[in-house]
Each structure stands twice: as C-alpha cells, then as structure tokens.
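Novice: Dropping a structure here in structure tokens format, bear with me for questions.
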Amino acid sequence: MFKDSKKYWFVVFMAFIATALSFLDRQVLSVSIIKIKEDFPISDTDYGLINTGFLVSYAIMFTLGGILIDRFGSRKGLGFSVGLWSLATALHSIATNVFHFGIFRFFLGLGEGGAFPGVIKAVVEWVPKKKQALANGIVIGGSALGAVIAPPLCVYLIQIIGWRGVFLATGIFGLLWVLVWFLLPKKKEEILEIGEGEVISWGDTFRSVAKVLKVREVWVFVLIRFVLDPIFYFYMFWIPKYLSDSRGVDLEKIGDLFWIPFLALGLSNMLGGFISDKIFRRTASLDWARKGVMGVAAILTLSALFVKYMPSEEWVIVIMVVAFFAHGLWITNYITAISDTFGKSITSTVIGLSGTAGALSSIIINPLMGKIIQSYSYDPMWIYSGLMYPVAFILFLILMPKIKQLKYLPTM
C-alpha cells in the first residue's frame with residue numbers, strides 16, 4: 001500500500017482530519033448548549049463545571065498520552081485516542097443531566113489529550129526531515145479547520161437531526177476514521193520496537209519520565225508553553241465577550257466575524273511549515289529555519305497592543321487575524337523544534353508535557369483573567385498578549401542557543 005514513499009502524505013492527511021475532528025468535537029457542545037437547555041436545565045455554573053471536567057482530563061492525558069504514544073507508536077496511540085474521544089462524543093447523545101455531560105466530557109478530554117502528541121509522532125515516523133515542518137503545519141492546521149466549520153455545521157445539522165443527532169453523527173464519523181487509520185501498514189521500526197505480547201510496567205514508565213525530566217531542554221519547551229498558552233485561551237474564550245461588552249456587537253455579527261481569525265490560523269500553520277522547510281533546504285540550518293519564522297511571529301504579535309485603539313469591531317478582527325496568523329507561524333515551528341531536538345525517542349512525551357503545562361497554566365490563569373477584566377478592563381490582557389511572545393522568543397534564544405538533535409536521550 002505504501003511502496004511509494006510519497007504516499008506518506010496520506011498519513012499526513014489522516015492526521016489533519018484527526019485534529020480537525022478534535023476541535024470539531026470539543027465545540028459541538030458550545031454550539032448545541034442553547035438547544036440542550038431547552039430540554040433540561042443547565043446553569044452557567046453547571047456548564048462551567050462540565051467544561052472543567054474536559055480541561056482536567058485533557059491536561060492529564062496530554063502528558064500521559066504522549067508517553068504512551070512514544071511507547072506504542074502513532075498507529076496504535078492515535079487510533080486509540082480518536083476512538084476514545086469519538087465514542088465519548090457519541091455518548092453525549094444519550095445524556096439526560098449535568099452528571100452525564102460531565103462524565104462524557106471527561107472521557108472526551110482523555111481521548112483528545114493524545115491528539116497532538118499522536119499526529120506529531122506520525123509525522124516524525126513517516127515524513128522525511130526536510131518536509132517535517134510543512135507536515136506539522138498541515139496536521140496542526142486541521143484544528144483550525146475544525147474551529148472554522150464547527151459553528152455553521154452544527155447549527156445546520158441541529159435543524160435537521162437535533163442536538164442529539166449531531167453528537168451521534170460526529171462520533172460515528174470519528175469511529176470511521178479509526179477504521180481507515182488501522183488499515184495503514186505498520187512501520188518497520190514499530191514492528192521491531194514493540195513485540196507481540198510485550199508488557200510495559202507503570203514503574204518503568206514513571207522511571208522513564210523521571211529521566212526525561214532531567215533533560216534541560218525539556219524544561220525550556222515546557223516553560224515556553226506555560227507562558228504562552230493562556231494567551232490563546234484568552235483569544236478563544238474572551239474575544240466574543242469583549243466584542244459584546246466593550247464594542248456592543250450582537251451575537252449574530254460575532255458569529256459572522258469570529259471564524260475569520262481561525263481561517264488565518266490554519267493557513268499560517270501550513271505557510272509557517274512551508275517557509276521553514278524551504279529555509280532549511282537552502283541553509284541546512286535548523287536555527288535559521290525554525291527561529292527565523294518564530295522571530296517574525298513574535299514581532300507580529302505586538303499588534304495585540306493596539307486593539308483598544310481600533311475604531312470598529314471589523315478592525316479588531318483585523319488585529320485578531322494578524323495575531324492568529326502569528327500564532328500559527330509560531331506553534332508550527334515550536335512543535336517542529338521539539339521533534340528536531342528529541343527525534344523519535346521522546347518527541348510525543350515532550351509535546352505532552354508541554355501541552356499539560358499550557359493547559360494547567362490556563363486552568364490557573366483563566367479565573368484570574370476574569371478578575372482582572374471585571375476589576376480593571378481588558379487592557380492588561382492586551383498588553384500581556386502583545387508582549388509575551390517577544391519575551392518568550394528572547395528566552396528561547398537564550399535557553400536554546402542552537403536547535404539540534406540531542407545525542408543522548410532516554411527512551412520511553
């Protein structure tokens with residue numbers, strides 16, 4: 001099936017669909033909640049607890065999923081992850097109370113925690129080094145596609161098959177993806193590394209993680225993600241509210257405008273990878289290829305400082321397009337730098353650790369954001385959003401003077 005090496009792009013396409021499904025499935029509830037409330041009462045507090053269930057399991061599984069995927073490979077690891085969250089999505093269709101939604105949301109987070117470690121592992125396993133940045137950009141860009149199509153698709157399907165039908169349909173689609181994914185042949189390395197009937201103890205796993213945490217470069221990537229992830233969560237969770245509260249924009253117009261930054265994000269994920277690969281092929285320098293694009297992205301994020309001065313909501317969206325575009329350039333090359341540094345051995349584990357750090361910082365900082373906005377204004381958040389990418393980039397230059405694959409690494 002895969003005699004022609006160019007067919008690794010089919011693996012990339014499947015990984016792209018997986019991340020699109022991850023963002024689609026996590027947004028179905030936020031779109032459907034208005035209709036769900038018509039069937040049985042869910043307070044704002046209840047809704048917050050339901051979403052917290054997802055964030056907690058997502059934070060845990062980001063690291064655990066990365067560890068397991070490094071153990072078992074992308075074929076088994078990503079397939080299991082998509083299968084678990086698709087089943088959890090489908091089960092939302094039988095929920096009749098807040099407890100049901102909380103449980104199903106928790107399992108959705110458990111599955112989705114393995115999404116990004118899994119797709120990046122697939123790229124590392126299948127795609128040649130000189131094309132990995134572009135491949136990473138494509139698979140990460142799937143999440144933006146999911147974010148763009150989720151609102152209109154869900155609204156359309158709710159009108160036809162109801163909110164229960166939407167959960168069931170998207171869950172079934174994910175399970176069909178799993179069937180196709182397991183038709184892929186095993187990589188030779190995977191067959192050699194993981195024998196039939198091999199038993200891996202949790203004690204061995206935790207000892208391996210302890211060794212990973214002793215690698216200084218791991219903490220560099222974890223620190224960067226801890227500092228920056230709350231910014232993107234601020235953009236996702238608070239900009240619609242900012243447009244409504246501070247700009248007087250109605251919900252319909254917010255829906256008409258807010259998908260545009262996500263489209264810019266998806267395009268920049270791919271463009272950032274394409275440009276980075278091109279620089280690498282011409283210069284043979286990972287530093288120039290990854291840090292050059294990340295530096296440009298850091299400069300572009302300064303645009304967030306000017307949101308308060310924009311004369312209209314359309315101009316706010318223009319600034320958000322620039323900010324999301326910059327984030328896409330940044331995150332693609334940040335993740336590719338992880339695979340450049342750690343190779344096939346612990347890439348998914350490091351991505352998992354950094355993702356968990358970002359989720360935990362967001363869990364901690366998001367309530368603080370609300371307090372700041374309520375007590376002062378949105379201005380401190382725009383300042384943080386505009387300055388922290390340049391600060392993180394300077395830290396990255398200092399702490400990672402040269403991007404190169406480390407020679408001596410623990411294995412999972």
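Novice: Based on DSSP H assignment, which helices of the chain show an axial Cα extent of at least 20 Å together with a mean Kyte-Doolittle hydropathy greater than or equal to 0.0?
Specialist: 8-39, 44-91, 98-112, 132-181, 216-247, 259-283, 313-375, 379-399
Novice: For each pair in 344/402; 253/371; 211/371; 76/404, compute the distance between the two Cα atoms and list the pairs where it is over 30 Å.
Specialist: Working: 344/402 19 Å; 253/371 27 Å; 211/371 39 Å; 76/404 28 Å.
The answer is 211/371.
Novice: Here are some pairs, 7/291; 35/308; 121/278; which of them have Cα atoms lying more than 25 Å apart in this structure? Don't skip to the end; give the middle numbers.
Specialist: On the way: 7/291 29 Å; 35/308 34 Å; 121/278 22 Å.
From the list (7/291; 35/308; 121/278), the Cα-Cα distance tops 25 Å for 7/291; 35/308.
Novice: Expressed as cubic angstrom per residue, what is the convex hull volume of the alpha carbon set of region 1-188? Provide the component values of the computation, followed by the final result.
Specialist: Numbers: hull volume 20.1 nm³, N = 188.
Given the Cα convex hull of region 1-188, per-residue volume reads 107 Å³.
Novice: Another question, if that's okay. Within the P(r) computed for region 264-321, what percentage of the Cα pairs occupies the region above 12 Å?
Specialist: Details: 1155 of 1653 pairs.
Taking all Cα-Cα pairs of region 264-321, the fraction more than 12 Å apart is 70 percent.
Novice: If packing is taken as the average count of other Cβ atoms within 10 Å, what order do 129-141, 255-267, 352-364 fall into, highest mean first? Don't jump to the answer; show the numbers that get you there.
Specialist: Details: 129-141: 24.9, 255-267: 19.7, 352-364: 22.0.
Most protected by this proxy first, the peptides run 129-141, 352-364, 255-267.
Novice: Now for a separate question. Which one, (1) 1.02; (2) 0.96; (3) 1.18, gives Cα Rg over 2.2 N^0.38 Å as derived from the coordinates shown?
Specialist: Looking at Cα Rg over 2.2 N^0.38 Å for this model, the match is (2).
Novice: In addition: For region 248-334, what's the relative contact order in percent, using C-alpha pairs closer than 8 Å and at least 6 residues apart?
Specialist: Values: 98 pairs, mean separation 40.7, N = 87.
Across region 248-334, relative contact order equals 47 percent.
Novice: Where does the chain land at 222 nm, in deg cm²/dmol rounded to the nearest 500, when only DSSP H runs of n ≥ 4 count, each adding -39500 (n - 2.57), divided by all residues? Mind dumping the intermediate values first?
Specialist: On the way: 13 runs with 331 residues, N = 412.
Only helices count here, giving -28500 deg cm²/dmol.
Novice: Peptides 330-339, 240-249, 305-314, 388-397: what's the order by average Cβ count within 10 Å, highest mean first? Each step should come with its number before you reach the end.
Specialist: Values: 330-339: 27.6, 240-249: 15.4, 305-314: 13.8, 388-397: 17.7.
Result, highest mean first: 330-339, 388-397, 240-249, 305-314.
Only the coordinates and a few stated rules stand behind these numbers; no lab work does. Predicted model only: the values in this text are computed from it and were never measured. A quick note on method: Cβ atoms are made from the backbone with ideal geometry, for glycine too, and the neighbour counts reach across all protein chains shown.
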